[in-house]
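Just below is one structure, and these are the notes that go with it.
The values are calculated or read from the model by the stated rules, or taken from the named source; none is laboratory data. Here the structure is a predicted model, which means the values were calculated and not measured. Reconstructed Cβ throughout: ideal geometry from the backbone, glycine too, with neighbour counts over all protein chains shown. Surface accessibility is based on the protein's heavy atoms, side chains included, excluding ligands, DNA and RNA. Shrake-Rupley method; radii C 1.70, N 1.55, O 1.52, S 1.80 Å.
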Amino acid sequence: MNYKLLLLLLIFVPKAWAQQPNVVLIYTDDHRYSGIHALGGQAVETPHMDKLSEEGVVFDNAYLMGSFAGATCIPSRAMLLSGRPLFHLKGAGHQIPKEHTTIAEAFHNAGYHSHIVGKWHQDKASVSRAFDSGGQVMGLGAYLVDHYRMPLWQWNDQGKYPKSDAYLISYDKKQNRVKESFTAEKREKGPFGTEENGPHTSEIFAEDAIDFIENYKEENPFFMYLAFHAPHDPRQAPKRFKKKYPEDKIELPPSYMPQHPFDNGHMYLRDEALAAWPRTKEVSQKELSDYYAIITHLDEQIGKVIASLKASGQYENTIVVLAGDSGLAVGNHGLMGKQNVYDEDGLHIPLIIGGGAMKQPQRKSALCYTHDIYPTICDLAKVKIPASVKGKSLLPVINNQKEQIRDYTYHAYRQFQRAYRKDGYKLIEYVRAPDFSKKDGHAVRGSRVTQLFHVKNDPWETQDLSFFPEYQERIKQMQSEMMKVAEKEEDYKEKVEYGFDFWDYYHSALIVK
């Protein structure tokens with residue numbers, strides 16, 4: 001045996017690991033692009049996220065591809081974690097099969113220690129398969145619609161998360177934190193919890209992440225997936241944050257409307273039931289005030305996580321990625337939820353790649369999707385991209401080798417809506433189609449409508465150009481291109497395991513027309 005060679009390996013392996021950066025992937029929930037002040041210029045205060053954006057790379061045109069479920073966070077997370085587009089997910093994103101290598105598994109295979117804290121929306125087996133360790137997790141079969149009363153589990157490697165193991169964290173009379181069993185009498189849905197009852201989910205998950213960072217002693221680098229539930233409704237935040245945003249002082253965005261002008265196919269689900277119709281100015285101001293408050297509270301928690309990286313001496317060797325899972329209307333176009341293909345209301349997400357290992361301030365206009373984040377992080381950390389990943393790496397854009405990796409974006413929402421973006425314009429097509437739900441049974445919903453927006457000049461999508469004569473040729477061209485793109489993306493019901501096909505009703509409507 002060559003003992004000198006062995007000794008050299010023992011000396012230099014830790015240094016080789018140290019040169020590979022840690023990765024902290026922060027994923028926020030229902031956090032639209034304009035929900036970060038430095039990105040959208042809105043009145044929301046986000047000093048820590050602003051600082052991250054000022055020191056890192058901001059992608060101003062990052063988008064969710066879409067969803068086949070009202071809970072858009074399900075496919076969004078599946079796309080992020082698998083690096084696969086909407087039409088290549090399993091079960092519309094509910095499951096991540098073993099053959100779809102998750103980003104955590106890719107980093108584990110490269111020698112990283114993978115760790116999870118926070119929200120998980122896929123199958124229970126995959127959350128345990130993907131990570132080496134974990135803190136507290138949520139979203140595995142119990143939900144009380146209350147940031148102060150959130151059912152939690154401690155991560156385990158067995159994939160078993162029965163309700164009997166769930167617990168709530170509350171304060172006792174001395175304001176000490178105590179775990180309460182998730183018993184029948186504790187299962188009343190909220191929101192009615194307050195900061196007096198227990199810690200907020202954002203605080204719980206940030207503290208879990210900090211605990212991991214402060215106690216990490218291994219020589220190999222770590223990959224941490226930190227998935228916050230905020231700013232998803234209920235939009236609860238401690239009083240001091242709500243006071244920052246007096247409701248009567250809230251300025252509404254340009255796309256505010258009291259009511260959406262037509263049935264888009266999914267107007268009556270839980271998100272839209274959060275506020276009364278019509279969305280009066282006062283209703284929308286109240287919702288936006290609450291939204292800004294929970295975001296600013298979230299920003300403070302993210303700041304604490306970044307501070308812990310710096311205090312531990314690990315920040316300079318860490319890539320911090322911050323992304324949102326979807327847009328959110330909160331009054332835009334008369335909507336409250338994200339079940340649409342408008343940009344700020346449903347698709348436009350913040351994407352920042354920063355941290356001490358990425359100090360190169362840039363603003364990039366490259367078109368990209370959620371599922372492009374996975375291969376990008378792999379390339380930055382020099383981790384092999386698995387064959388199951390279908391997204392495109394943004395490294396050539398970051399290195400100024402290319403301005404774009406995509407010529408267009410394509411979006412879908414269930415069987416009712418499709419959108420196609422190219423050359424600064426965005427075409428949206430709606431159809432009237434059958435639907436089914438356990439609650440309402442069979443129904444026909446939606447409207448046959450075409451919209452065209454010049455999103456480069458009109459990012460809030462306030463001026464529909466579809467009825468102007470001078471845009472008719474552009475519409476025809478984009479319609480033709482969109483149908484070809486749909487075929488290329490494999491957007492048909494047999495592929496996505498969905499019972500209805502947008503194109504069945506779109507083509508029949510064109511024939512009638």
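A few comments on the model shown:
- Any pair with Cβ under 6 angstrom, 6 or more apart, that starts in the stretch 478-491 at a residue that is at pLDDT 95 or above and ends at one that is open to solvent by 50 Å² or more (accessible area, probe 1.4 Å): none
- Among (1) assigned to a strand (DSSP E or B); (2) free of Cβ contacts under 8 Å to residues at least 24 places away in the same chain; (3) under 22 Å from GLY331 (Cβ atoms) - the single one TYR430 does not satisfy: (2)
- Residue in the stretch 399-422 that is touching a helix residue (DSSP H, G or I) at 6+ places or on another chain (Cβ under 6 Å), at pLDDT 95 or above, of a type outside the set (Val, Ile, Thr) and under 30 Å from GLU219 (Cα atoms) present: no
- If you check GLU203, GLU188, GLU218 for being open to solvent by 10 Å² or more (accessible area, probe 1.4 Å), in contact (Cβ under 8 Å) with a residue 12 or more places away in the chain, part of a helix (DSSP H, G or I) and more than 19 Å from ILE74 (Cα to Cα), only one passes: GLU203.
- Some residue of the stretch 356-368 being closer than 30 Å to PHE500 by Cβ, more than 21 Å from the chain's Cα centre (by Cα) and surrounded by 18 or more Cβ atoms within 10 Å (Cβ to Cβ): no
- Residue in the stretch 109-125 that is modelled with the lowest pLDDT, counting only those that are surrounded by fewer than 18 Cβ atoms within 10 Å (Cβ to Cβ) and outside any loop (DSSP other than H, G, I, E, B): ALA125
- Meets criteria (of a type in the set (Lys, Arg) and over 18 Å from ARG32 (Cβ atoms)) for LYS286: no
- Residue among PHE205, PHE182, PHE241, PHE212 that alone is of a type in the set (Phe, Trp, Tyr) and modelled with pLDDT under 95: PHE182
- Leading residue by the ranking (nearest to the chain's Cα centre (by Cα)) among those in the stretch 467-491 that are in a loop (DSSP other than H, G, I, E, B) and surrounded by fewer than 16 Cβ atoms within 10 Å (Cβ to Cβ): GLU490
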